[in-house]
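Worksheet: one structure, shown below.
The values are calculated or read from the model by the stated rules, or taken from the named source; none is laboratory data. What you see is a predicted model; the values in this text were computed from it and never measured. Cβ sites come from the backbone with ideal geometry, for glycine too, and all protein chains shown count toward neighbours. These accessible areas exclude ligands, DNA and RNA; they are computed on the full protein's heavy atoms, side chains included. Shrake-Rupley method; radii C 1.70, N 1.55, O 1.52, S 1.80 Å.
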There are 2 protein chains.
Amino acid sequence: MPRASTTSDAFNAVAEPRRRDILNYLAASEKPVGEIVVALGIEQPSVSKHLKVLRDVGLVSSRREGKQMFYRTNGEALRPLHEWTKTFEHFWSHQLARVKVRAEAKMKQN
Amino acid sequence: MPRASTTSDAFNAVAEPRRRDILNYLAASEKPVGEIVVALGIEQPSVSKHLKVLRDVGLVSSRREGKQMFYRTNGEALRPLHEWTKTFEHFWSHQLARVKVRAEAKMKQN
DNA sequence: ACATCATATTCTCATATCGGAATATGTGTC
DNA sequence: GACACATATTCCGATATGAGAATATGATGT
């Protein structure tokens, strides 16, 4: 069995750095493909292919306006990722407290 | 150019569902490989291979105790994922998002 | 040294991938 | 219709993958 398809879910789709770049770029406002191409410096066919993947998993939506296709990030599709990583939040938010405590303990020694 | 290696970063490593299962399982407390095998019903070689990937990206750490190898989740390595998804949080949590969604729903009625 | 238990590695295979190049589709204008 | 513009699709090649099976390594006890 090979690796799961990039279009199988949001986890697989955002594993690709370029696709995260695109999502970041489209988060502020919708943009036509051509602007993504120049802004991120990616070849046009690659951008179209990445957008297709993102669209398949619901991470972007599109709208046609004349010759142009406007894409926008649909951040809601990232919610499962956020929720899942959130369950590990205590690993670092608690740590801050622990480091603090350890630092204070060291201070007392001196 | 093929897909980036699963060991290139945490994003790629957790794209595999089994590896997320393992991270979930090891989050509570460290466990030997054998227990992961029975708990998740995955073949032992697969578990070892997944653990190697997770270890390569710092998502788990290991400790030997006699014949057994204990693994534990290192949640800190998921922080980049959490931080990144957090930048999209307003898509679902912000009141504006809710208003938008409701407005779009109303549009669809017509 | 040997046997046993626990884990890791190696091998094969079918498959999905990404980038690049070329081409196709779709839209508006003359 | 012919043309230009914007975007999408197809074909190619190199490569990493995950599962399964077989085997290797490592640790302990006798």
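Which one, A:Glu16, A:Glu65, A:Glu35, has the greatest fluctuation when you compute a Gaussian network model over chain A with C-alpha springs under 10 angstrom?
A:Glu65
Would you tally the net charge around B:Val53, using a Cβ to Cβ cut-off of less than 9 Å, leaving B:Val53 out, and scoring K and R as +1, D and E as -1?
On the way: positive: B:Arg19, B:Lys49, B:Lys52, B:Arg55; negative: B:Glu16, B:Asp56.
Taking every other residue near B:Val53 into account, the sum is +2.
Which one, B:Lys86, B:Lys31, B:Lys67, has the greatest fluctuation when you compute a Gaussian network model over chain B with C-alpha springs under 10 angstrom?
Looking only at B:Lys86, B:Lys31, B:Lys67, the biggest GNM fluctuation is shown by B:Lys67.
In degrees between 0 and 90, to the nearest 10, how far off the longest principal axis of chain A does helix A:17-28 point, with axes built from Cα atoms?
Compared with the principal axis, the helix lies near 80 degrees.
Label position 7 Å from Cα toward Cβ: report the copy-to-copy distances for B:Glu65 in nm, one decimal, ordered from shortest.
Spacings between copies for this position, smallest first, are 6.1 nm.
Roughly how far apart, in whole Å, are the Cα centres of region B:26-69 and region A:1-78?
Between the Cα centre of region B:26-69 and that of region A:1-78, the gap is 35 Å.
Return the distance in nm (one decimal) between the two label points of a simple spin-label model at B:Ser61 and B:Asp21, each offset 7 Å from Cα along Cα→Cβ.
Distance between the two pseudo-spin positions: 2.7 nm.
Find the relative contact order for region A:10-77 and round it to a whole percent, using C-alpha pairs within less than 8 Å whose residues are 6+ positions apart. Present the calculation step by step, with values, prior to reporting the outcome.
Working: 82 pairs, mean separation 25.8, N = 68.
RCO, region A:10-77: 38 percent.
Between the label point of B:Thr87 and that of the same position in each other copy, find the distances and list them shortest first in nm, with every label point placed 7 Å from Cα along the Cα-to-C-beta direction.
Label-point separations across copies, in nm and ascending: 2.6.
As I understand it, the value is the acute angle between the Cα axis of helix B:44-56 and the longest principal axis of the Cα atoms of chain B; what does it come to in degrees, rounded to 10?
Tilt of helix B:44-56: around 70 degrees.
Can you compute the FRET efficiency between B:Arg3 and A:Ser48 using 1/(1 + (r/R0)^6), with r the Cβ-Cβ distance and R0 = 25 Å? Round to the nearest 0.05.
0.90
Helix-only estimate, please: 222 nm mean residue ellipticity of chain A, summing -39500 (n - 2.57) across DSSP H runs of length 4 or more and dividing by its residues, to the nearest 500. The partial results should precede the final answer.
Numbers: 6 runs with 65 residues, N = 110.
So the calculated ellipticity at 222 nm is -18000 deg cm²/dmol.
Chain pair A, B: how much accessible area is buried, both chains summed, with a 1.4 Å probe, in Å² to 100? Walk me through the numbers on the way to the answer.
Values: alone 8230 and 8260 Å², together 13460 Å².
Separately minus together, A and B give about 3000 Å² buried.
List, shortest first and in nm to one decimal, how far the label point of B:Arg18 (7 Å from Cα along Cα→Cβ) is from its counterparts in the other copies.
2.9
I need the calculated FRET efficiency for the pair B:Trp92 and A:Met69, taking r as the beta carbon distance and R₀ as 25 Å, to the nearest 0.05. The partial results should precede the final answer.
Working: r = 25 Å, r/R0 = 0.99.
With a Förster radius of 25 Å, E is 0.50.
Suppose every K and R has +1 on its Cβ and every D and E has -1 on its Cβ; what is the size of the dipole of the protein assembly as shown about the Cα centre, in Debye to the nearest 20?
Values: 38 positive and 24 negative charges, 46 e Å.
In total the dipole reaches around 220 debye.
Counting only other chains, what is the mean number of Cβ atoms within 10 angstrom of the Cβ of each residue in peptide B:13-19? Show your work: numbers first, answer last.
Details: counts 1, 6, 12, 5, 5, 0, 0.
For this peptide, the per-residue mean of nearby foreign Cβ atoms is 4.
Taking the 0 to 90 degree range and rounding to the nearest ten, how far is the long axis of helix B:95-109 tilted relative to the main principal axis of chain B, both from C-alpha atoms?
Approximately 60 degrees, to the nearest ten.
Excluding ligands, DNA and RNA, what is the solvent-accessible area per residue of chain B at a probe of 1.4 Å, expressed in Å²? Write down the numbers at each step before the final one.
Values: 6730 Å² over 110 residues.
Value returned for chain B: 61 Å² of accessible area per residue.
Heavy atoms only, probe 1.4 Å: what % of the accessible area of the protein assembly as shown goes to carbon and sulfur, would you let me know? Walk me through the intermediate numbers first.
Values: 7060 of 13460 Å².
About 52 percent, which is the carbon plus sulfur part of the accessible surface.
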